[in-house]
1. Normalised by the residues of the stretch 1-116, what does the relative contact order come to in percent, with Cα pairs under 8 Å and at least six apart?
2. Working out 0.36 nm times the residue gap between Ala28 and Gln146, then minus their Cα-Cα distance, what length gain in nm do you get to one decimal?
3. Rounded to the nearest 10 degrees, what's the angle between the helix 82-92 long axis and the longest principal axis of the chain, both from Cα atoms, 0 to 90?
4. Return the whole-Å distance between the Cα centroid of the stretch 141-169 and the Cα centroid of the stretch 40-81.
5. What is the calculated FRET efficiency for Leu40 to Met1, with r their C-beta to C-beta distance and R₀ = 25 Å, to the nearest 0.05?
6. Just give me a number: lysine pairs in the chain, eight or more positions apart or cross-chain, with C-alpha atoms less than 23 Å apart.
7. Can you pull out the trypsin sites (Lys or Arg not before Pro) in the stretch 136-169 that DSSP calls coil and that have at most 15 other Cβ atoms within 10 Å?
8. Share of Cα-Cα pairs in the stretch 97-210 beyond 16 Å, in percent?
Amino acid sequence: MLDHLTVVTHPLVQHKLTLMREKDTSTASFRQLLREISLLLAYEVTRELPMTTQRIETPLEPMDAPVIEGKKLALISILRAGNGLLDGILELIPAARVGFVGLYRDPESLQPVQYYFKVPTQLEDRVCIVVDPMLATGNSSAAAVQLLKDNGARNIRFLCLLAAPEGIARMKEAHPDVPIVTASVDSHLNDHGYIVPGLGDAGDRMFGTK
Ligand code: URA
C-alpha cells in the first residue's frame, strides 16, 4: 500500500522540475520535460500494483513469470492540464484505458462544476490513476475523485507534479483512501490560488496560451 503522500525525490525528477519552474523555459522545453518527468512519476505511482504470475516459455524452459494482475489500468485526466501528464504515462502504459473529467469553478459559489465526464467501463475492477499536474486548493481534485467513486471506482491514486499543503489537506480530509504521488510539496497558495513558488499556470505553460 502506498503512503498517503509520496514525494518523489529522485535526482532526475528534481532536476527536471527545477528546469520546468524556471520562468524562461520555452513551451517546447516545458513540454519535453513534462513528458520525461511523467514517465518517472508513473514509475512511482505504479510501484505497488498487484502482481500475479503467468506461465510462459523462454527459449530455454517454461517459467511462471510476473505480470500485473487484473484489468487494464484506468488513467483519468483532469482537463486540461492533466493531458500533459497523460501523454508521457501512456508511453509507459500503452494499454491503459483513459478517461477525462472536465470541471470549472463556479464564479459565485467557487465550487467545481462538471462540464465533461467520460471514463472507462468497469472502474470498480481497475486501479484508477487520476492525473493533474497541480494539486492547488484540492477542490477540483476532490470533486473528480468523488465522481469516479460515484461511478464505482474503489482503488484510486492521485498523481501530480506539484502539491500545495492546502490541497493535500483537502484531499486527505475528503479521500483519505487515495494516495498522492508528487514531485514536490511547495510552500503555500497565493490569493489567486496559485502554488508558490510553483511554476505558474501549468496549462498555459504546456500549451503556450496565456
Ligand atoms: N493551477 C496551475 O496551473 N498553477 C497553479 O499554481 C495552481 C493551479
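1. It comes to 19 percent, rounded to a whole number.
2. The span from Ala28 to Gln146 would gain 39.1 nm if fully extended.
3. Tilt relative to the chain: about 20 degrees.
4. Centre-to-centre distance over Cα atoms comes out at 22 Å.
5. So the FRET efficiency works out to roughly 0.75.
6. Count of close lysine pairs: 8.
7. Sites meeting the loop and neighbour criteria: Arg154.
8. 61
No value in this document is a laboratory result; all are computed from the given coordinates. Keep in mind that what you see is a predicted model, and the values were worked out from it rather than measured. A quick note on method: Cβ atoms are made from the backbone with ideal geometry, for glycine too, and the neighbour counts reach across all protein chains shown.
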